[in-house]
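The values are calculated or read from the model by the stated rules, or taken from the named source; none is laboratory data. What you see is a predicted model; the values in this text were computed from it and never measured. Quick reminder, even Gly has a Cβ in these numbers, built from the backbone with ideal geometry, and neighbours come from all protein chains shown.
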Amino acid sequence: MDYCPSLVTVVHATGSKELHLAHFSVKEYLLGENQFKMTIASVSITRTCLTYLTDIAGSNREIKRDFPMARCAAELLTDHASLAQASEDIVRVIVRFLEKEATFQRWARLYQADRSWDYDPGPPRGSRLYYACLVGLVEPARDLIGKGADVNAQGGEYSNALQAASATGRKEIVKLLLDKGADVNTQGGKYSNALQLASAKGHQEIIKLLLDKGADINARGGLYGDALQLALARGHQGIVKLLLNKGANINAGGCYGDALSTFAWLQASPTNLLLRRF
């Protein structure tokens, strides 16, 4: 407030205070200025968040009590770091941040992108590489792999780095992991494998890449059974067509039965392509 009193104002909300832009014209100005374009701004935001999260200290409880912006900084870092990695300097700083145990633990205990709803996520459940892949940090991921990070390490909400990248639509990272030896059919987690996650989330290009690299189209596991059942359940008809054309088994059972039963249970309209396969 001391540095920009005419640009922002404090609004008293229920049980807290919120910082707001003073006027809509301030937002228009910030969005209109070239120096505030997203990529350029993301470099500055990322650098600021990295510095802030590196400099604060204390137990997790003390940090949350004494540094109310800490979780916000951890979340902003997650959101903006992938846009900032065009800067080689930022990549080096991110890698150092991830490699240092204290800062990695601090970041993860404040915010985990695969558990964004959890305001007290606890210690990291996955590896440094897992979290880099989850949030789209392809260059830091490449650096970590070059330094010996295990591409098949298990852990995290999505079980491993390949599943995390497949779930979040990070095609470049999926390709990197596969090129560096990630097991395309490794099992784990409630979605079982990378192909099921890509099907659930609607990432058709990643599905093609996984299949080209040898993913088992009929691999079983997870709540829904296989990739076809998940695509049906989520209504991704383009992916249903792709999987059927690639040889997906329509008779394999899932939690709703076979593929046609899944359509009926979900009150969806089966495509002609699906009906012709029965």
Of the residues that sit in the range 52-65 and are surrounded by fewer than 16 Cβ atoms within 10 Å (Cβ to Cβ) and at pLDDT 95 or above, which one is farthest from Asp118 (Cα to Cα)? Asp55
Name the single residue, out of those in the range 98-154 being assigned to a loop (DSSP other than H, G, I, E, B) and of a type in the set (Ser, Thr, Tyr), that is nearest to Ile173 (Cα to Cα). Ser127
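With part of a helix (DSSP H, G or I) and modelled with pLDDT of 95 or more as the only criterion, which of Ala164, Ala182 stands out?
Details: Ala182 fails: part of a helix (DSSP H, G or I).
None of the other options fit; the residue is Ala164.
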Would you check which residues across the range 89-130 are of a type in the set (Phe, Trp, Tyr), in contact with a Leu (Cβ under 6 Å, 6 or more places away or on another chain) and surrounded by fewer than 20 Cβ atoms within 10 Å (Cβ to Cβ) and list them? Phe104
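With the structure loaded, tell me whether Gly214 is buried (at least 17 other Cβ atoms within 10 Å of the Cβ) and not in a helix (DSSP H, G or I) or whether it fails that test. Even if it seems obvious, please write down each step before you answer.
Working: buried (at least 17 other Cβ atoms within 10 Å of the Cβ): no; not in a helix (DSSP H, G or I): yes.
Judged against the criteria, Gly214 is not a match.
Is at least one residue of the range 27-46 under 24 Å from Ser127 (Cβ atoms), surrounded by 11 or more Cβ atoms within 10 Å (Cβ to Cβ), at pLDDT 90 or above and not acidic (Asp, Glu)?
For the range 27-46, residues under 24 Å from Ser127 (Cβ atoms), surrounded by 11 or more Cβ atoms within 10 Å (Cβ to Cβ), at pLDDT 90 or above and not acidic (Asp, Glu): present.
Taking the residues in the range 236-255 that are in contact with a Gly (Cβ under 9 Å, 6 or more places away or on another chain) and in a loop (DSSP other than H, G, I, E, B) as candidates, determine which candidate is modelled with the highest pLDDT.
Of the residues in the range 236-255, the ones in contact with a Gly (Cβ under 9 Å, 6 or more places away or on another chain) are 236, 238-239, 252-255.
From what is left, the residues that are in a loop (DSSP other than H, G, I, E, B) are 236, 252-253, 255.
Values: His236: 91, Ala252: 64, Gly253: 60, Cys255: 51.
That would be His236.
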Quick test for you: out of Cys49, Cys72, Cys133, pick the one residue that is more than 28 Å from Asp183 (Cα to Cα) and buried (at least 21 other Cβ atoms within 10 Å of the Cβ). Cys49
Pairing a residue in the range 228-244 that is of a type in the set (Val, Ile, Thr) with any residue that is in a helix (DSSP H, G or I), where Cβ atoms lie under 7 Å and the two sit 6 or more apart in sequence or on different chains, gives Ile239/Ser199; Ile239/Gln204; Ile239/Ile207; Ile239/Ala231; Val240/Leu228; Val240/Ala231; Val240/Leu232; Val240/Leu274
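Of the residues that make up the range 57-74, is at least one in contact with a Ser or Thr (Cβ under 6 Å, 6 or more places away or on another chain) and not in a loop (DSSP other than H, G, I, E, B)?
From the range 57-74, those in contact with a Ser or Thr (Cβ under 6 Å, 6 or more places away or on another chain) are none; that's our starting set.
Looking for residues that are in contact with a Ser or Thr (Cβ under 6 Å, 6 or more places away or on another chain) and not in a loop (DSSP other than H, G, I, E, B), one finds none in the range 57-74, hence no.
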Just one of the numbered conditions (1) over 16 Å from the mean Cα position of the chain (by Cα); (2) closer than 13 Å to Ala161 by Cα; (3) of a type in the set (A, V, I, L, M, F, W, C) is not true of Val135; which one? (1)
Which residues, counting only those in the range 114-148, are among the basic types (Lys, Arg) and farther than 19 Å from Lys100 by Cα? Arg115
